1. If each of residue 125 and residue 109 carries a label point 7 Å out from its Cα toward its Cβ, how far apart are those two points in nm?
2. Rounded to the nearest 500, what is the 222 nm mean residue ellipticity of the chain from helices alone, with -39500 (n - 2.57) per DSSP H run of 4+ residues and division by all residues?
3. Any cysteines in the chain with zero other Cys Cβ atoms under 4.7 Å from their Cβ? List them, or say none.
4. How large a share of the accessible area of the chain, in percent, is made up of carbon and sulfur atoms when the probe is 1.4 Å and the other protein chains stay in place?
5. Measure off 7 Å from each Cα along the Cα-to-Cβ vector at residue 48 and residue 133, then give the distance between these two points in nanometres to one decimal.
6. Taking only C-alpha pairs under 8 Å that are 6+ residues apart, what is the relative contact order of the chain in percent?
7. Over the chain, average the accessible area per residue using a 1.4 Å probe and give it in Å², no decimals.
Amino acid sequence: MASIPSPIHPENLKAVNKIAELSGQNVHECMQCGTCSAVCPMVESMGFTTRMGIHYLQFGEIEPVIKAQIGEYCASCHTCVVRCPRGIDVPKVFEAVRQLVLRTNTDLIKPQEIPKDTMAEAPQIAFVSTFRKLTS
């Protein structure tokens, strides 16, 4: 039996497979019901909905998901996981995308550019957690 060629570019397919490996989730199981977007408390802050992020990944489009920074905006509340009819752990998927970006040694925040007034006033734990999440 002949195999059907993948419509996903080989480089993008490699990235999608890496996301599956890191997250333990298969984005192709998503049926695009939109429940994850409906319950997401951070959806207004993201470049697009979580459903759209998964949809892009299903077609191997990694760049739009990276640019939308869904992994950075995700509150990891896991409401989407609880409500997903397919049991997809959406935060794990977007965390894997974020990890791919950080593995390129690209910092998403530059600590040296934070104003000194902000550094003096903000709680230190906020900086520590931000630096852990957004710097490589």
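1. 1.5 nm
2. Details: 9 runs with 73 residues, N = 136.
Value at 222 nm, helices only, nearest 500: -14500 deg cm²/dmol.
3. 30, 33, 40, 74, 77, 84
4. Numbers: 4650 of 8480 Å².
Reported share for carbon and sulfur atoms: 55 percent.
5. 2.2 nm
6. On the way: 142 pairs, mean separation 34.0, N = 136.
Reported as a whole number, the value is 25 percent.
7. Working: 8480 Å² over 136 residues.
Ligands and nucleic acids excluded, the figure is 62 Å² per residue.
The values are calculated or read from the model by the stated rules, or taken from the named source; none is laboratory data. Since the model is a prediction, treat every value here as computed from it, not as a measurement. For neighbour counting, all protein chains shown are included, and Cβ atoms are generated from backbone atoms with ideal geometry for every residue, glycine included. Keep in mind that these areas ignore ligands, DNA and RNA; they rest on the heavy atoms of the full protein, side chains included. Shrake-Rupley method; radii C 1.70, N 1.55, O 1.52, S 1.80 Å.
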